Amino acid sequence: MPDLILHQYDLSPFCEKLRLAFGVKDLAWRAVEVPVWPPRPDTVPLTAGFRRAPVLQVGADIYCDTLLILRELDRRHPEPTLYPDDQVGLASVLSWWADTTTFLPAATLTTSIIGDGVPAEFIEDRIRFMKHDFSKAASLRDLPLNRQRTAAQMGFLADMLKDGRPFLLGHSLSAADLSAYHTLWFARQNGGAEAEALLPFRPLLAWMDRVAAVGHGRRAAMAADEALRIAREAEPEPVRGVAADDPSGLKGGEWVEVRTDDANDPIRGQLVAADPTELVIRHKNDSVGTVHVHFPRFGYSAVAEPA
Ligand SMILES: N[C@@H](CCC(=O)N[C@@H](CS)C(=O)NCC(=O)O)C(=O)O
């Protein structure tokens, strides 16, 4: 079976979500370290312009966004599932809610504590990329807002858990737990006692401990050039093409731009597959040969490139 290669950095909460997914399934995986801010010359050739972390590589197939990566891990390694009782829809919607509503408030609450230690290059990069200022001064200015926003989200989580269930959807851990956990992990891990004093962690601590206890699976490092070599020497897995009634209205082989809902990544390639779960584009260059880059349908749309 080909290696599961995660292009990731340790500080990243979204990467923590996937490290835990490997733990749930007790998988062996390889970590390729990505710099916390660009340039990322060893990642760019793989992703057709998608800029975020993490990215999962399996041979010459590249999976973008944790929403899709969790689905793909579950497809390849079904047990134990991240979607107990077939709750893919509910777990994915809850994941999206948690990711999008708590990431920035929790991260910025954290930089209001540790912002002095954050490198200027990181701050400048994220201002350019996300139009968001993580400097200590800006984070402190927004602390009253971010504290309330994060606490309100945590209130929903506490409410879901208050009947004594171990996990958000009930008896088993799901993708929703990993998605709701990683931003809070980031705040606690980096903001320490100060973050704990600012946010209502107490009702969530037992649940957070249960999620953390799944661990990170079996991790081993891989050099970035080795991952590029693996992509170059592999063939993308066969795809099922584009259904005639795909909601994009596009056909297999068309050149497309993949637009993301939350950034302006210049993602471009030839559409090779589209189904209710994913969009797949073909991407080629000398470093990686031909790769297939996969995106979730939710949050990503393909449009025909202007001729
Ligand atoms: N929707 C994406 C969000 C990923 C994301 O925002 N990751 C952060 C790191 S935690 C990122 O890519 N930041 C900008 C960067 O590293 O270039 C996912 O679920 O994978």
Selection status of residue 252, part of a helix (DSSP H, G or I) and not acidic (Asp, Glu): no
Members of the stretch 90-105 that are free of Cβ contacts under 8 Å to residues at least 40 places away in the same chain and more than 13 Å from the ligand (Cβ to nearest atom): 93
Candidates 41, 78, 84, filtered to the one that is more than 16 Å from the ligand (Cβ to nearest atom), surrounded by fewer than 22 Cβ atoms within 10 Å (Cβ to Cβ), more than 17 Å from the chain's Cα centre (by Cα) and farther than 21 Å from residue 180 by Cα: 78
Which numbered condition residue 261 fails, given (1) at pLDDT 95 or above; (2) among the charged types (D, E, K, R); (3) under 22 Å from residue 71 (Cα atoms): (1)
Any hit, the stretch 176-184, residues being surrounded by fewer than 21 Cβ atoms within 10 Å (Cβ to Cβ) and either at positive phi or not in a strand (DSSP E or B) (or both): no
Residue within the stretch 120-140 that is within 16 Å of the ligand (Cβ to nearest atom), within 16 Å of the chain's Cα centre (by Cα) and not assigned by TED's automatic domain parsing to the domain that holds residue 281 present: yes
Residue 135 buried (at least 16 other Cβ atoms within 10 Å of the Cβ) and closer than 28 Å to residue 237 by Cβ: no
Qualifying residue in the stretch 178-188 (condition: of a type in the set (Lys, Arg) and under 30 Å from residue 71 (Cβ atoms)): yes
Selection within the stretch 141-179 - of a type in the set (Gly, Ala, Ser) and either within 20 Å of the chain's Cα centre (by Cα) or within 13 Å of the ligand (Cβ to nearest atom) (or both): 174, 175, 176, 179
Among the candidates 293, 288, residue that is crowded, with 16+ Cβ neighbours inside 10 Å and either more than 11 Å from residue 64 (Cα to Cα) or not assigned by TED's automatic domain parsing to the domain that holds residue 70 (or both): 288
Per-region count, the stretch 120-169, residues out of contact with any helix residue (DSSP H, G or I) (no Cβ under 7 Å at 6 or more places or on another chain), of a type in the set (Asp, Glu) and without any contact (Cβ under 8 Å) to a residue 40 or more places away in the chain: 3
Qualifying positions in the stretch 243-279 - free of Cβ contacts under 8 Å to residues at least 24 places away in the same chain, on the phi < 0 side of the Ramachandran plot and of a type in the set (Gly, Ala, Ser): 244, 252
Unique residue being crowded, with 18+ Cβ neighbours inside 10 Å and in contact with a strand residue (DSSP E or B) (Cβ under 6 Å, 6 or more places away or on another chain) when the list is 69, 113: 69
Check on residue 9, in contact with an Asp or Glu (Cβ under 7 Å, 6 or more places away or on another chain) and closer than 23 Å to residue 188 by Cα: yes
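The values are calculated or read from the model by the stated rules, or taken from the named source; none is laboratory data. All values derive from a computational prediction rather than experimental measurement. Counting neighbours? That spans all protein chains shown, and the Cβs are built from the backbone with ideal geometry, glycine included.
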